[in-house]
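See structure below.
The values are calculated or read from the model by the stated rules, or taken from the named source; none is laboratory data. Every value quoted in this text rests on a predicted model; they were computed, and no experiment measured them. Glycine gets a Cβ as well: all are built from the backbone with ideal geometry, and neighbour counts include every protein chain shown. The accessibility values were calculated without ligands, DNA or RNA, using every heavy atom of the protein model including side chains. Shrake-Rupley method; radii C 1.70, N 1.55, O 1.52, S 1.80 Å.
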Amino acid sequence: MALTTAPSPTVEPQRPARAPARRRGRGRGPRREGLAGYVFLSPWLLGLLGITAIPMLISLYLSFTDYEVLTPLNEVKWVGLANYRRMFTQDQSYWHAVQVTVKFALIAVPLKLAAALGVALLLNRERRGVGVFRGLFYLPSLLGSSVALAMIWRSMFNREGAVNGFLGIFGIQGQPWVNDPTWALGTLMVLAIWQFGAPMVIFLAGLKQIPTELYEAAAVDGAGRMRRFWHITLPMLSPVIFFNLVLETIHGFQGFTAAFVISGGTGGPIDSTLMYTLNLYIKGFTEYEMGYAAAMAWVFLAAIAVITAIFFSTGRYWVHYADGDDR
Amino acid sequence: MHPATSPAVTAQPARDHRTSRRALRALVAAVAVLPLALGSAACGNDNAGGPSPQSTDPVELSIFWWGGEGRAKLTEQALALYTTKHPNVTFKKTWQANQGYFDKLATLITGGDAPCIYQIDDNYLTEYADRGATLDLTSYKDSGKLDLTKFPESLWKYGVVDGKLAGVAFGENTQGLVYNKTLLQKNNLPEPTVGMSWEEFITWAENVSKVAKVPGTMDPSADYKAFWVWLRQQGKDLYKGKEPGFTEADVAAWFTLWKGARDRGATPTPDVIHEGNATDITKQLVVTGKAATSWVWVNQMPELKKNTKDELGVISYPGNPSAQWGRASMYLSVFKNCAAKDVAVDVINFLANDVEAGKVLGTDRGLPSNLDVRKAVNDSVTDPAMKLSIQVENELAGKFGQAPQVPPKGHSTMRSELIKAAENVQFNRATPEKAAADFLAVVKAALAK
């Protein structure tokens, strides 16, 4: 507050003088001003309406219809909750895909966060060349959901791939990873975990915010390294951990590209990589049941909203906001 | 806070509220109106055939197909031939690989940007015809504007769905068992022969595995076309109207046959079989060297040959070859609401029946449908792989049986479910009987939809 109020004496005399003048000139004052705001916002608003809001509402409508991709829209029939009923009571592949996705998220997300935090702790110390390492560790997540990366992964985790070649050096009998239903999903998890760069950078930023006095004081009081980690680093970092957890969970549920590319768009072998979004895509674009796919998308949205809400409601028990103490 | 700005601050919520309510109303209106607008736009021009082929007004026709670069080159040349004869007609050509083609085609049609002429195959023909995305070409055939008189009857009839001519068969092919000749010769092994029984074939493959140290054959239990031929040899069929033409016991017997072959070492390991199931034609096991034989369509020979240095041979699938038929390898269809239907049909008529165009296109899409063109191509072709596929298919043509019905809607689900069921057996996750029962239940549901 002290900082923001300081320059106000110089600004204060100008504003009242300017605002009435403008009001007189244009006649309608704040309304006008608001309108101008919307005009300036209009490119974004149009984009939001045209590309996000309207298509979303249409997809909500379509989720209650029997719409198939090739059906002309005027022949679409309203079927009420039939799509939702089918999803919850009849469609076995749907529940299988839910299972695959939950398994993927439950394993890959915590491991990814742990890897991100671990590497962030290592890279937090000032050392020669640490910037280079930060860059290198961040690199894989820049490649993000790239198709090329998934293709490289597929060839690396083939029976003749580089991974088995490497294991062979130690006399370990490799697996046909991506072509074996037991291992294929694990391969996708490893790919997801490997791309821990984005949460790592956020963790690094969070670590830099922790005041060093806390560590010094704790060290003076005889706290060991583990203790300082548990009682200073983790609590002080908890808002950042929370942020990363929410983001990565949503991200984990949405995994599509790698599963699509590695399984050739089928979710195979034997549906072992049939992630929720891939199943949705197959229903909508391969089997053309777009109404059903729309229903799946809305249930997905609701599920992610619920999971996020759960995170937020548990957050107050373990997320510690340091600045809150000042008030 | 600042006194002068406070009115604006207090006015904010009310104004916001008004605007958002108005915006919401506009939004709802837009959502309600948009489908109607799109719907009416899509069914705008329904009966007119557009400009006639004789007119000289400039026409641009969009055409969309799947295939490789070779096909693109040939198709572009043939279309250029049409343009030299009808300088007013130009083409907007789009092509891509087979994977993702039907996703894109459906999206184009839904988005109101449908190509006038598009390539399609029997996996999707019924799907598109049922939903009114194909123009019924019967009247053009009857008036002679579309000349199908030189086509084998069973071939053009394979484009009829529910009494409507939904597509013009563009090329004929049949199932082909491709084997690695070089590998067999190197190991002094005999080649497989036409008409050998499935048991004999599996014994042959087992022997190849032992001698050549390369699995004798790709396991085709997940391959619908092999299953189809085998069914026809048992007096069954893949479909009977809109229902499966086989029983649970048939599927179980088919899976058991190949389980036996795997146990005897005639086929590769399950993960390699999966590779064969999942990849496209260029990476079939016979060209990647992971098996001595693969199960393909005969017209795919040139494409296979491009991916291996070894010499390849091709014969019919095991069992009585009369279970095979001359299948339309693909069709060209016209979009129902194309603005220049008459010209589009004339283009297809030209591509199918003109000898010069036929010579350009060769056997890339299968043997030419028009028998006169086929003969001309046969006499002029130079590519040895093309030559071989023509020769094999001509030999088999005399033995062909009656063509089956065009697969019904739900066929693509059947195909992917067969792969799942077969792989469940291959990875020992289900017995042949259990996999067969699950498979049939899902297929019945998909076909009934």
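Side notes on the structure shown:
- Among (1) in contact with a Phe, Trp or Tyr (Cβ under 8 Å, 6 or more places away or on another chain); (2) more than 14 Å from chain B (Cβ to nearest Cβ); (3) not hydroxyl-bearing (Ser, Thr, Tyr) - the single one A:Trp177 does not satisfy: (2)
- Residue tally, condition modelled with pLDDT under 85 and in a helix (DSSP H, G or I), over segment A:81-92: 2
- Only one of the listed residues (A:Glu213, A:Glu248) is in a helix (DSSP H, G or I), surrounded by fewer than 16 Cβ atoms within 10 Å (Cβ to Cβ) and of a type in the set (Asp, Glu). That residue is A:Glu213.
- Options B:Gly167, B:Gly171, B:Gly112: the member that is open to solvent by 50 Å² or more (accessible area, probe 1.4 Å), touching a residue at least 60 places away in the same chain (Cβ under 8 Å) and touching a Leu at 6+ places or on another chain (Cβ under 9 Å): B:Gly112
- Listed conditions (1) in contact (Cβ under 8 Å) with a residue 40 or more places away in the chain; (2) at the interface with chain A (Cβ under 9 Å from one of its Cβ atoms); (3) farther than 27 Å from B:Glu275 by Cβ; (4) among the hydrophobic types (A, V, I, L, M, F, W, C) are all met by B:Ala445, apart from (1).
- Failed criterion for A:Ile202 (all others in (1) part of a helix (DSSP H, G or I); (2) within 14 Å of chain B (Cβ to nearest Cβ) hold): (2)
- Residue in segment B:415-437 that is at the interface with chain A (Cβ under 9 Å from one of its Cβ atoms), under 25 Å from B:Gly159 (Cβ atoms) and in contact with a Leu (Cβ under 8 Å, 6 or more places away or on another chain) present: no
- Considering segment B:227-332, the qualifying helices (runs of 4 or more DSSP H), each wholly inside and each with 2 or more residues that are over 30 Å from A:Gly267 (Cβ atoms), run over B:301-305.
- The one condition in (1) farther than 16 Å from B:Leu61 by Cβ; (2) under 17 Å from the mean Cα position of the chain (by Cα) that B:Ile117 fails to fulfil: (1)
- In segment A:258-267, residue nearest to the other protein chains (Cβ to nearest Cβ) [restricted to those that are among the small types (Gly, Ala, Ser) and open to solvent by 10 Å² or more (accessible area, probe 1.4 Å)]: A:Gly264
- Filtering segment B:306-342 to residues that are of a type in the set (A, V, I, L, M, F, W, C) and at pLDDT below 90 leaves B:Leu312, B:Val314, B:Ile315, B:Ala323, B:Trp325, B:Ala328, B:Cys338, B:Ala339, B:Ala340.
- Note on segment A:137-183: residues that are farther than 30 Å from A:Ile202 by Cβ and touching a helix residue (DSSP H, G or I) at 6+ places or on another chain (Cβ under 9 Å) total 17.
- Hey, A:Ala116 assigned to a helix (DSSP H, G or I), among the aliphatic types (A, V, I, L, M) and closer than 30 Å to B:Ala446 by Cβ or not: no
- Residues that are out of contact with any Lys or Arg (no Cβ under 9 Å at 6 or more places or on another chain), in a loop (DSSP other than H, G, I, E, B) and either of a type in the set (Lys, Arg) or closer than 20 Å to A:Val79 by Cβ (or both) occur at least once in segment A:287-301.
- Within segment B:128-138, the presence of a residue that is free of Cβ contacts under 8 Å to residues at least 24 places away in the same chain and surrounded by fewer than 19 Cβ atoms within 10 Å (Cβ to Cβ) is excluded.
- Listed by position, the helices (runs of 4 or more DSSP H) inside segment B:338-406 whose residues that are surrounded by 19 or more Cβ atoms within 10 Å (Cβ to Cβ), of a type in the set (S, T, N, Q) and under 22 Å from the mean Cα position of the chain (by Cα) number at least 1 are B:341-353, B:384-397.
- Restricting attention to segment A:78-89 and to residues that are loosely packed, with under 12 Cβ neighbours inside 10 Å and within 14 Å of chain B (Cβ to nearest Cβ), the residue that is nearest to B:Gly111 (Cα to Cα) turns out to be A:Trp78.
- Residue match in segment A:184-196 (condition: surrounded by 13 or more Cβ atoms within 10 Å (Cβ to Cβ), β-branched (Val, Ile, Thr) and within 14 Å of another protein chain (Cβ to nearest Cβ)): yes
- Looking only at segment B:96-109, and only at residues there that are open to solvent by 30 Å² or more (accessible area, probe 1.4 Å) and closer than 22 Å to B:Lys336 by Cβ, the one that is nearest to the other protein chains (Cβ to nearest Cβ): B:Thr107
- For beta carbons closer than 7 Å, sequence separation of 6+ or different chains, a first residue in segment A:135-160 that is over 14 Å from A:Val178 (Cβ atoms) and a second that is open to solvent by 30 Å² or more (accessible area, probe 1.4 Å) and assigned to a helix (DSSP H, G or I), the qualifying pairs are A:Tyr138/A:Val201; A:Pro140/A:Trp194; A:Ser141/A:Ala198; A:Ser145/A:Thr257; A:Val147/A:Thr257.
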